[in-house]
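Trainee: Below you'll find the structure I mean.
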Amino acid sequence: MALHAGKSWVNRILDYFNDSNKNKKHKRFDFSVIGGPHYASDTKFGLGLVAAGLYRTDPNDSILPPSNVSLYGDVSSVGFYMLGVRGNHIAPKGRYRIDYHLYFYSFPSDFWGIGYEMGDNDANKSDMKRWQAQAEVSFLFRVADNFYIGPMASYDYVIGKHIERPELLQGMDQHTWNVGAGVSLVYDNRDNLTNPHRGICLNINQMFRPGFMGNDYAFSTTAFRFDAYQRLGKGTVLAEDIGANLNFGNPSWGMMAELGGTHSMRGYYEGRYRDKHSLEATVELRQHVWKRNGIVVWVGAGTIFPKFSALRSKQILPNAGVGYRWEFKKNVNVRLDYGFGKSGQSGFLFNINEAF
């Protein structure tokens, strides 16, 4: 009896995952959860949980891409914890869309200082306990086919504690917060938002964080992102990503442009290289292999700089990597990436949805 019950329990789990990536157009909201252990170079051993939901605001419109929402949480052996939600809500007939991302995390992280030279010097590595919360939302109205424009707002709160070398902050406050408002412009004709196979997406955000809104560090941010996708053959997609994050004024250490992490220059420690401006580009080849399994390879480059006159070709950082993909839901992949960069810098990353 016990063996039979155990087999039934296992079969229910297998049936759950076997069914999770099927196209469920009949369901108003299709939601699935997956979790498990993982290892990353910065957070070490951890336990992650990701949940993905797809829904259609008009079930009768098969051309309109489904809206999506992802929830993610993580805890690790070094005291790291994180919780967040991000998604895209597309109104019927695509009249408007709401893009949002909210998260907070606490992390005993490393800090190298500000600027390329500081980040490139291994001797500057120092300990810091960092707590950060961020919320960003944009409400975009369609003004032409695939073209959206609308307001956006953001809130950021950063705390640095137990800073081993406070002089690396260059006199900036350990605790900072910012409120911002701006405008977002998007052109997006991708076939879907979570795992595109064709199309382009151009996103230009202009955010203002002036002093009269209560910001101790007043500055503005121009963020540019261009992604393109082409089918090269059966199960093969070539994806390109070009991005810029430009801060003008007086950004705090916690709000500067950074390289590294799960979406940018994968394999570099997130925030090791930080300055007022960043530029980066990546080309990724995505190949479906068998059933729900796929692989990717990518190459890229990026740099940080305080002003355009300080751009130097010798400060361009290389990036490359490989990854495994498992289709968790229809066009929603769980990804495991291993990226590497200059002087042996490398890292494993576990996440949901493609990096771009």
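Throughout, read-outs are computed from the coordinates displayed, never taken from laboratory work. Bear in mind that the values here come from a model prediction, so they are computed numbers and not experimental data. Positions of Cβ are generated from backbone atoms using ideal geometry, with glycine treated the same way; all protein chains shown enter the neighbour counts.
Trainee: Give me the aspartates and glutamates in straight-line cross-link reach of K330: C-alpha distance below 12 Å, same-chain residues under 8 apart excluded.
Mentor: Qualifying aspartates and glutamates at Cα under 12 Å: D19, D30.
Trainee: Angle check, please: helix 2-20 long axis (alpha carbons) against the longest principal axis of the chain (alpha carbons), in degrees 0 to 90, nearest 10.
Mentor: 70
Trainee: Check which residues have an amide H placed less than 5 Å from M265's amide H, if you skip close sequence neighbours.
Mentor: The list, which skips near neighbours in sequence, is G260.
Trainee: Which of the three applies to the chain, rounded, prolate or oblate, going by the alpha-carbon gyration tensor with a ≥ b ≥ c and a/c under 1.5 meaning rounded?
Mentor: The shape class here is prolate.
Trainee: Right, here's the next one. Label A281 and T222 with points 7 Å out from Cα along Cα→Cβ: what is the distance between them in nm?
Mentor: Rounded to a tenth, the inter-label distance reads 1.9 nm.
Trainee: Pop a pseudo-label 7 angstrom from the Cα along the beta-carbon direction at both H288 and I163 and give the gap in nm to one decimal.
Mentor: 5.0
Trainee: Now a separate question. Within the range 327-350, which residues have the backbone N less than 11 Å from the label spot 7 Å out from D122 along Cα→beta-carbon, could you tell me?
Mentor: Output list for this probe position: 343-345.
Trainee: Can you pick out the pairs among K44/K307; K234/K314; K44/K234; K276/K329; K44/K342; K125/K307 whose Cα atoms lie more than 30 Å from each other?
Mentor: From the list (K44/K307; K234/K314; K44/K234; K276/K329; K44/K342; K125/K307), the Cα-Cα distance tops 30 Å for K44/K307; K234/K314; K44/K234; K276/K329.
Trainee: Quick one: if you stick a label point 7 Å off each Cα along the C-beta vector at R95 and V297, how many nm between them?
Mentor: 4.8
Trainee: For A310 and E240, what is the calculated FRET efficiency with R₀ set at 35 Å and r taken between the beta-carbons, to the nearest 0.05? Write down the numbers at each step before the final one.
Mentor: On the way: r = 26 Å, r/R0 = 0.75.
It comes to 0.85.
Trainee: If you plug each phi of the range 49-65 into the Karplus form 6.51 cos²θ - 1.76 cosθ + 1.60 with θ = phi - 60°, what whole-Hz ³J(HN,Hα) values come out, in order, with x for Gly and Pro?
Mentor: Once θ is set to phi - 60°, the couplings for the range 49-65 become 9, 10, 9, 10, x, 10, 8, 10, 6, 9, x, 8, 9, 7, 7, 5, x Hz.
Trainee: Also: Sequence gap at least 6, Cα distance under 8 Å: using those rules, report the relative contact order of the chain to the nearest whole percent.
Mentor: Normalised by residue count, the contact order of the chain is 11 percent.
Trainee: Once Lys and Arg get +1 and Asp and Glu get -1 on their Cβ, which of G94, I149, S264 lies farthest toward the positive end of the dipole of the chain?
Mentor: It is G94, whose Cα lies furthest towards the positive end.
Trainee: If you don't mind, there's one more thing I want to ask. Tell me which residues come under 5 Å, amide H to amide H, from R335 once H is placed; ignore anything under 5 positions away on its chain.
Mentor: When sequence neighbours closer than 5 places are left aside, the close amide H contacts are N351, I352, N353.
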